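Data first, discussion second: the structure below is written as structure tokens.
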Amino acid sequence: MKKLMAAAALTAMALFNPAMAAEAGKHYQELRAPVPTAEPGKIEVVELFWFGCPHCYDLEPTIEPWVEQLPEDVNFVRVPAMFGGAWNTHGQLYLTLEAMGKAKELTPVVFKAYHQDGNKLADVDAMADLLAEHGVDRAEFSKTFNSFAVKSKVEKIKKLGMAYGATGVPSVIVNGKYRLDVGSAGGKQELLQVTDELIAKERAAQ
């Protein structure tokens, strides 16, 4: 118990000691223009990612428990990066899973297939084959993948990614105002700590 209390005290000192606080321009960047968020009234945290990114895959075990503990006033959103080629194809895959209500369930499946099983999911057939193994109807998947709604969302997400100004993944955007990554924050755990600080900053400004 004493160890837990000591750890909590150290964490509090790190969060509230001005000398240790995250610095704009160093640990995170302020966006030139605020980007509208999906749910006004909530503090939005976006993870910009790509299924083929090894760093995104490596971040999964760290970020998932953190997401599960987020308070109700924080809205966590995954946004696929659309930098062309396979990035766009895999981004459309994610948006299709999202439209089918299966993104949360099957995102780990797709990550594993790519990074552990060597399945590069190069086309719709390869995606459908994988998802069929997990109970997704092939015809429904293909229809949704090629639907007007998903293709429209793809174009919207491309513009959103440009507005974030990110040049790599994984990147985190807090409330459409701040952008950071593992490198700028200083590590995976530090990424979440800086994000927590920016969440607190936005909450205090409301």
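The values are calculated or read from the model by the stated rules, or taken from the named source; none is laboratory data. Predicted, not measured: the structure shown is a model, and the values here were computed from it. So basically every Cβ, Gly included, is an ideal-geometry build from the backbone, and we count neighbours across all protein chains shown. Please note that ligands, DNA and RNA were not included when accessible areas were found on the heavy atoms of the full protein model with its side chains. Shrake-Rupley method; radii C 1.70, N 1.55, O 1.52, S 1.80 Å.
Using Cβ point charges alone (K and R +1, D and E -1), the dipole size of the chain about the Cα centre works out to roughly 460 debye. Tell me, what % of the accessible area of the chain is carbon and sulfur with a 1.4 angstrom probe? Of the solvent-accessible surface of the chain, carbon and sulfur hold 56 percent. For Ser171, the residues whose modelled amide H falls within less than 5 Å of its own, excluding neighbours fewer than 5 places apart on the same chain, are Leu48. Sparse packing (at most 12 other Cβ atoms within 10 Å of the Cβ) combined with a DSSP loop state is found for the following GluC sites (Glu not before Pro) in region 101-167: Glu133.
Taking the Cα atoms only, what angle lies between the long axis of helix 148-164 and the longest principal axis of the chain, rounded to 10 degrees? The angle comes out at about 30 degrees. In sequence order, region 172-178 has phi-based couplings of 10, 10, 9, 6, x, 10, 10 Hz under the Karplus curve 6.51 cos²θ - 1.76 cosθ + 1.60, θ = phi - 60°, and Gly or Pro positions carry x. The residues packed around Thr107, meaning those with a beta-carbon under 12 Å from its beta-carbon, carry a net charge of -1 if Lys and Arg are +1 and Asp and Glu are -1. Taking Cβ atoms as reference points and 15 Å as the exclusive limit, the residues near Arg203 contribute a net charge of -4, counting Lys and Arg as +1 and Asp and Glu as -1. Using a probe of 1.4 angstrom and keeping all protein chains present, the accessible surface of the chain works out to 54 square angstrom per residue. Against the longest alpha carbon principal axis of the chain, how many degrees, from 0 to 90 and to the nearest 10, is the axis of helix 86-99 turned? Approximately 90 degrees, to the nearest 10. Positive end of the dipole of the chain (Cβ unit charges, origin at the Cα centre): among Trp66, Phe83, Met162, the Cα lying farthest that way belongs to Met162. In a reduced charge model with +1 at each Lys and Arg Cβ and -1 at each Asp and Glu Cβ, region 40-162 shows a dipole moment near 540 debye about its Cα centre. Projecting the Cα atoms of Val124, Leu106, Val46 onto the charge dipole of the chain, computed from C-beta unit charges around the Cα centre, puts Val46 farthest toward the positive end. How would you classify the chain from its alpha-carbon gyration tensor, with a ≥ b ≥ c the square roots of the eigenvalues: rounded for a/c under 1.5, else prolate if a/b is greater than b/c, otherwise oblate? Note, shape of the chain comes out prolate.
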